[in-house]
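Asks: Pasting in a structure now, in structure tokens, and then I'll have a few things to ask.
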Amino acid sequence: MGDVVAAIDCGSNSTRTLILGAHGQALVREMNITRLSQGVDASRSLLPEAMERTFVVLRHYREACDAAGVTRGLLVATSAVRDASNSSVFLDAAHDIVGFDARVLRGDEEAALSFAGATADLDPVASPTMIVDIGGGSTELAVELDGILVSHSMQLGCVRVTERALGRGVVTSSRDLATRSMIKEELDRAFEVAPALHDVVANVRLVGLAGTVATLAQLEAEITLYDRDVVHHRVISRASVLHWRDLLAVEPPAQRLKHPGMVVGREDVLPAGLYVLDAIMERFHVTEFLSSENDILDGITSSLVSS
């Protein structure tokens with residue numbers, strides 16, 4: 001019989017956990033919106049209230065770990081904590097709460113774990129598979145070419161783009177232009193830093209993961225209650241991305257919440273995530289992508305089981 005393992009991901013917009021039982025079955029998979037990145041882009045510091053929101057959720061996850069008999073675990077923090085000058089304060093407190101290792105992932109580590117988690121249950125295809133992980137503070141691209149993982153982390157998370165360019169309300173033409181410019185600049189930089197990305201333009205299977213993609217899948221399916229079987233491995237067209245981006249852009253956040261499938265806590269930042277997703281699909285000449293509910297948490301738990 002194997003270990004009971006836990007992964008916790010402290011992202012910029014949400015804090016999530018996955019607990020696997022001794023036989024590899026998912027005992028707990030939970031997500032809570034905590035907006036840890038609140039104000040980080042401007043202040044370069046984690047705000048006390050944002051940390052406390054996250055700590056409340058971590059205490060709840062610690063109770064779940066204790067109840068499940070977790071023997072090994074890893075808590076990871078990503079973009080918001082990477083960018084914060086007081087990251088050690090957060091990590092020390094998080095470690096004390098959950099009782100196991102807590103550390104910040106580099107962008108390439110985040111991409112590698114997300115790629116491993118999202119591709120483990122996919123059938124092979126002739127084209128390379130690239131994951132796009134749109135988080136709150138950053139977006140990771142990762143594709144395996146000739147056995148080597150090529151990845152790049154862009155400063156294009158849905159919260160960051162919202163705070164820096166798009167805004168939370170109805171999108172104006174000036175904010176639309178600023179957002180497109182911000183995204184283009186980061187995509188241009190990605191191709192400069194990782195030129196191998198040119199090799200998969202118009203020849204890639206795109207797999208999308210994280211909150212923007214999951215919420216889009218729920219909106220498209222018009223489901224008010226989360227159903228993993230409906231969301232996982234759903235094929236979503238670029239036309240659908242554009243439909244929802246443009247529809248939500250002309251609505252205030254309160255109106256967006258009325259759509260079946262909208263997740264409370266994402267209504268103000270989802271349009272920014274869809275701007276990022278559409279720009280990536282356009283750049284890589286992709287007309288559809290596959291949504292995945294397997295992600296960095298699955299990559300972490302797999303590494304814990306195999307280590």
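Rule-based calculations on the coordinates, nothing more; no lab input. Treat the numbers as computed from the prediction; the structure is a model and nothing was measured. Ideal geometry is used to build each Cβ from the backbone, glycine not excepted, and the neighbour counts take in all protein chains shown.
Asks: Once each part is reduced to its C-alpha centroid, what is the distance from the stretch 232-300 to the stretch 28-99 in angstrom?
Replies: The stretch 232-300 and the stretch 28-99 have Cα centres spaced 25 Å from each other.
Asks: Shifting gears a bit: Rounded to the nearest 0.05, what FRET efficiency do Arg44 and His233 give with R0 = 41 Å and r taken as the Cβ-Cβ distance? Could you check?
Replies: In this case the efficiency is close to 0.60.
Asks: A follow-up question, please. When averaged across all projection directions, what area in nm² does the alpha-carbon convex hull of the stretch 5-119 cover?
Replies: 6.7 nm²
Asks: Find, to one decimal place in angstroms, the Kirkwood hydrodynamic radius of the stretch 47-184, where the mean of 1/r is taken over every pair of different Cα atoms and then inverted.
Replies: This gives a value of 17.3 Å.
Asks: Below 8 Å, C-alpha to C-alpha, sequence gap of six or more: please give me the relative contact order for the chain in percent.
Replies: It rounds to 20 percent for the chain.
Asks: Could you run the Karplus curve 6.51 cos²θ - 1.76 cosθ + 1.60 with θ = phi - 60° over the stretch 28-37 and give me ³J(HN,Hα) per residue in whole Hz, x for Gly and Pro?
Replies: So the J values, rounded to whole Hz, are 9, 9, 9, 9, 9, 6, 10, 6, 4, 7.
Asks: Order 115-124, 128-137 from most to least packed using the mean count of other Cβ atoms within 10 Å.
Replies: For the peptides 115-124, 128-137, the packing ranking is 128-137, 115-124.
Asks: What's the magnitude of the charge dipole for the stretch 119-296 around its Cα centre, counting Lys and Arg as +1 and Asp and Glu as -1 at the beta-carbon? Answer in Debye, nearest 20.
Replies: 600 debye
Asks: Charges on Cβ only, +1 for Lys and Arg, -1 for Asp and Glu, centred on the Cα centroid of the stretch 5-104; of Ile8, His60, Ser85, which one is farthest towards the dipole's positive end?
Replies: The Cα lying farthest towards the positive end belongs to Ile8.
Asks: Could I ask something else about it? In terms of modelled amide H atoms, which long-range or inter-chain residues lie less than 5 Å from the amide H of Glu144?
Replies: Correct list: Thr129, Val150.
Asks: Taking each pair of distinct Cα atoms in the stretch 52-92 once, what is the resulting Kirkwood hydrodynamic radius in Å?
Replies: 11.6 Å
Asks: Rounded to the nearest 0.05, what FRET efficiency do Glu282 and Asp121 have when you use their Cβ-Cβ distance and R0 = 25 Å?
Replies: My answer for the efficiency is 0.35.
Asks: Between Thr172 and Asn203, what is the label-point separation in nm under the 7 Å Cα-to-beta-carbon projection?
Replies: Result: 4.5 nm between the two label points.
Asks: If you don't mind, another one. For the chain, set up a Gaussian network in which alpha carbons nearer than 10 Å are linked by springs, and say which option among Ser79, Ser45, Ser14 fluctuates the most.
Replies: Ser45
Asks: Let me ask something else. In the stretch 168-307, if every C-alpha pair distance is counted and binned at 5 Å from zero, what percent goes to each bin?
Replies: It works out to 2, 9, 17, 20, 19, 16, 10, 5, 1, 0, 0, in whole percents.
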